[in-house]
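I have placed the structure first, in the form of structure tokens, so that the comments after it can refer back to it.
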Amino acid sequence: MIPNEQFWRGKHVLVTGHTGFKGAWLVTWLSKMGSKVCGYSLAPEGDDNLWVDLEIEDSVESVIGDINDTDKLNELFQRFQPEIIIHLAAQSLVLQSYDTPVETFASNVLGVVSLLDVARQHESVSAIVIATSDKCYENQELDQPFQETDRFGGRDPYSASKGCAEIAAASMRSSFYQPGNTTGHPAQIATVRAGNVIGGGDWSANRLVPDIIRGCLDDERKVIIRSPASVRPWQHVLEPLCGYILLAERLCSQSIEYADGWNFGPGSSSEQPVLAVAKSLLSFFDDAELGVQGNTNAPHEAKLLRLDASKAQNELGWQPKLGFEETVSFTADWYARWSRGEPARAITEQQISAYCADDEG
């Protein structure tokens, strides 16, 4: 299934975290479908940033602010009157969470509470999708995929914050929204969990694909990776975003069965070690050299993360469409075209069209 463009045309959609990687792809897709989109986020980071490169502020309103600034959020809600909210704003890096644990919990947990507390004061809101992470689950590194009913947990601050975000969202939903509170706000709330997402335009620090691409494009043409044996469920950014959009459509029908937690993971063939991703990406760039650098003092990161997405497949009709090679090809193609000077917005919109056309075919 692909999103219903007729449904989205003219809808007022608030996307938090729009200056991040996933957020920039999402607002581009929504704008392309004709939605009236407002993004709310901290200022873009780094010299390279997809949101900045997209130059899309002619069709997407951008508001810079902290997710915990409830006065500013209230002003935005009063003016923009959002109908649908997709919440992506977060501190999204495991390694950074070791350096900034307070900031991580404030953004990832309190940010969810702040947003839902503001949203319940505004009648315009019909549906809220809150993105957490596959790392929200208590991971004992067993050889089995996580299901939505599995226990939340987390050893590192990032993972723990995402487990807490799930609990906080459920608490706010049952306390202040229907049907948990019969006099509460009628908006339907769902949480979504995706695996390791890759795609063009991601320039985050200490993330595999951006690190590989930087190595491929710099003068030395050398790529260094860590943890080559770590397995992740790699998926193109368009895959979970498609799921989030489809879920928001269902939530707007006010069907309470969709107000729940949902996994969006790739097929088993896309569960690949870091080394396989690196080798596949390097095959698209000439003369790049691959090296492995171990670090016995590195902070803990889970070695195995897998998601069971059968619930989304059976109940939403969502299916992952891109296999591992297609995911890598889409990603490498974006960076290669960008490095040759093609506009980021044109590449991004073309790949969204190709993804939807592939589904139609």
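Return the residues of the stretch 177-218 that are closer than 17 Å to TRP338 by Cα, assigned to a loop (DSSP other than H, G, I, E, B) and among the charged types (D, E, K, R); say none if nothing qualifies.
Within the stretch 177-218, ASP202, ASP218 qualify.
Among what's in the stretch 114-154 and is surrounded by fewer than 21 Cβ atoms within 10 Å (Cβ to Cβ) and acidic (Asp, Glu), pick the residue that is nearest to the chain's Cα centre (by Cα).
GLU148
Quick one: is ALA312 small (Gly, Ala, Ser), farther than 26 Å from LEU26 by Cα and either at pLDDT 85 or above or in a helix (DSSP H, G or I) (or both)?
no
Which numbered condition trips up GLU349, out of (1) under 22 Å from the mean Cα position of the chain (by Cα); (2) acidic (Asp, Glu); (3) modelled with pLDDT under 95?
That leaves (3) as the condition not met.
For (1) modelled with pLDDT under 95; (2) farther than 21 Å from SER107 by Cα; (3) touching a strand residue (DSSP E or B) at 6+ places or on another chain (Cβ under 8 Å), each residue gets a yes or a no:
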residue	(1), (2), (3)
LYS22	no, no, yes
LEU26	no, no, yes
TRP29	no, yes, no
MET33	no, yes, no
ASP47	yes, yes, no
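If you take the residues in the stretch 44-64 that are outside any loop (DSSP other than H, G, I, E, B) and among the acidic types (Asp, Glu), which one is nearest to VAL125 (Cα to Cα)?
Looking at residues that are outside any loop (DSSP other than H, G, I, E, B) and among the acidic types (Asp, Glu), I get GLU61.
Considering only the stretch 17-43, state which residues are buried (at least 23 other Cβ atoms within 10 Å of the Cβ), among the small types (Gly, Ala, Ser) and either out of contact with any Phe, Trp or Tyr (no Cβ under 9 Å at 6 or more places or on another chain) or part of a helix (DSSP H, G or I) (or both).
GLY23, ALA24 - these are the residues of the stretch 17-43 that are buried (at least 23 other Cβ atoms within 10 Å of the Cβ), among the small types (Gly, Ala, Ser) and either out of contact with any Phe, Trp or Tyr (no Cβ under 9 Å at 6 or more places or on another chain) or part of a helix (DSSP H, G or I) (or both).
Report, ordered by the first and then the second residue, all pairs with beta carbons closer than 6 Å, sequence separation of six or more or different chains, a first member in the stretch 31-46 that is without any contact (Cβ under 8 Å) to a residue 60 or more places away in the chain and among the polar types (S, T, N, Q), and a second member that is buried (at least 21 other Cβ atoms within 10 Å of the Cβ) and part of a helix (DSSP H, G or I).
SER35/TRP8
The values are calculated or read from the model by the stated rules, or taken from the named source; none is laboratory data. Here the structure is a predicted model, which means the values were calculated and not measured. Every residue, glycine as well, gets a Cβ built from its backbone with ideal geometry; the counts of neighbours run over all protein chains shown.
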